[in-house]
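Nothing in this text is a laboratory measurement; each read-out follows from the coordinates by a stated rule. Small disclaimer: the values here were computed from a predicted structure and weren't measured. Here Cβ is always computed from backbone atoms with ideal geometry, including for glycine, and neighbour counts include all displayed protein chains.
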Amino acid sequence: MIELKNVSVRYGADAIGLHPTSLSFKRGEFNVLLGASGAGKSTLLRCLNMLTRPTTGSIHVQDVGVVDTAAALRLHRRRTGMIFQQHQLIRRHTALQNVLLGRIGYHTTLRSMFPLPRAEQHIALECLERVGLLEKATERVDRLSGGQLQRVGIARALAQQPRLMLADEPVASLDPATSRRVLSQLKHICLEDGITTVVSLHQVDLAREFADRIIAIAHGRVVYDGSPNELSDALLQDIYDQAPTSGREEIPVPPLPSFTQLAINEE
Ligand SMILES: Nc1ncnc2c1ncn2[C@@H]1O[C@H](COP(=O)(O)OP(=O)(O)OP(=O)(O)O)[C@@H](O)[C@H]1O
Ligand SMILES: [Mg+2]
């Protein structure tokens with residue numbers, strides 16, 4: 001469904017985010033990226049929709065081809081949902097308005113400034129229903145819990161009708177029980193819709209529980225790629241023991257589109 005060929009990322013003269021890496025992801029597969037802080041999980045994840053531009057290599061997407069033109073990138077991003085650690089919702093907007101933002105890639109900028117058609121609202125409401133939040137559709141998101149916010153984030157990504165879903169530590173700020181519920185819902189929906197999913201996690205137990213395939217990264221290289229059952233404790237120990245000692249600042253997340261006046265069409 002999507003393939004990276006010799007993709008590498010260099011952030012500066014001596015900062016390597018990812019050594020040349022070739023990976024392919026199958027339709028409907030639930031992939032989990034594991035690795036210590038600074039290993040390269042976000043770098044790899046963000047290469048998949050080119051939020052981080054690879055320094056070398058190419059990205060091939062089914063029905064798009066090589067993502068090497070603006071048109072190919074637009075097409076690829078339209079069908080790629082992204083879920084962030086800090087959900088990136090607009091707090092003063094309702095859940096429905098936030099989910100409607102997922103539809104913007106299907107409209108011109110000018111069109112998005114006016115009420116979106118009723119059909120769009122149906123898609124958004126359906127997505128909220130799938131994450132069990134239909135009754136919160138008209139609630140401002142600053143009144144929702146952390147788990148509910150993350151589920152609105154999933155609904156927004158689903159509203160894109162994605163083929164690929166990327167999630168960078170989507171449950172990092174949730175308690176263990178809520179994390180399990182959110183991941184289980186995400187996996188269930190992606191399986192149902194045949195969406196290829198790549199999720200980075202810090203919780204090895206959750207990775208083992210939910211992943212079809214685990215890709216472990218250390219120092220910008222893939223050091224394990226296979227089933228959760230064969231990932232040994234010894235290798236995990238190795239991966240996490242090799243963590244760099246220095247901390248690192250969070251990578252800023254690009255802002256959401258600014259056309260936020262998504263009025264609800266009352267016709
Ligand atoms: N924008 C940037 N500029 C310079 N170096 C960067 C940048 N982003 C990441 N790096 C470096 O690239 C390497 C991989 O970082 P990345 O964010 O991919 O790690 P990660 O596995 O996602 O870590 P974490 O678990 O902390 O989120 C690190 O050494 C990091 O310092
Ligand atoms: Mg990261």
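A few comments on the model shown:
- Scanning the range 169-196 for residues that are under 14 Å from the mean Cα position of the chain (by Cα), among the charged types (D, E, K, R) and either more than 16 Å from ligand 1 (Cβ to nearest atom) or surrounded by fewer than 17 Cβ atoms within 10 Å (Cβ to Cβ) (or both) gives a single hit, Lys187.
- Criterion applied to Arg118, Arg143, Arg77 was being more than 24 Å from Asn49 (Cβ to Cβ), in contact (Cβ under 8 Å) with a residue 24 or more places away in the chain, out of contact with any helix residue (DSSP H, G or I) (no Cβ under 6 Å at 6 or more places or on another chain) and among the charged types (D, E, K, R), and the one residue passing it is Arg118.
- If the condition is being in contact with a Gly (Cβ under 8 Å, 6 or more places away or on another chain) and of a type outside the set (Gly, Ala, Ser), then the range 164-174 contributes Leu164, Met165, Leu166, Pro170, Leu174.
- Taken residue by residue, the range 54-70 has at least one member that is crowded, with 18+ Cβ neighbours inside 10 Å and within 16 Å of ligand 1 (Cβ to nearest atom).
- Just one residue in the set Ser179, Ser184 is away from ligand 2 (no atom under 16 Å from the Cβ), within 24 Å of Gly38 (Cα to Cα), outside any strand (DSSP E or B) and hydroxyl-bearing (Ser, Thr, Tyr); that residue is Ser179.
- Residue check, Ser37 within 15 Å of ligand 1 (Cβ to nearest atom), under 27 Å from Leu101 (Cα atoms) and in contact (Cβ under 8 Å) with a residue 60 or more places away in the chain: no
- The residues of the range 22-52 that are away from ligand 2 (no atom under 16 Å from the Cβ) and not basic (Lys, Arg), listed by number, are Ser22, Leu23, Ser24, Phe25, Gly28, Glu29, Phe30, Met50.
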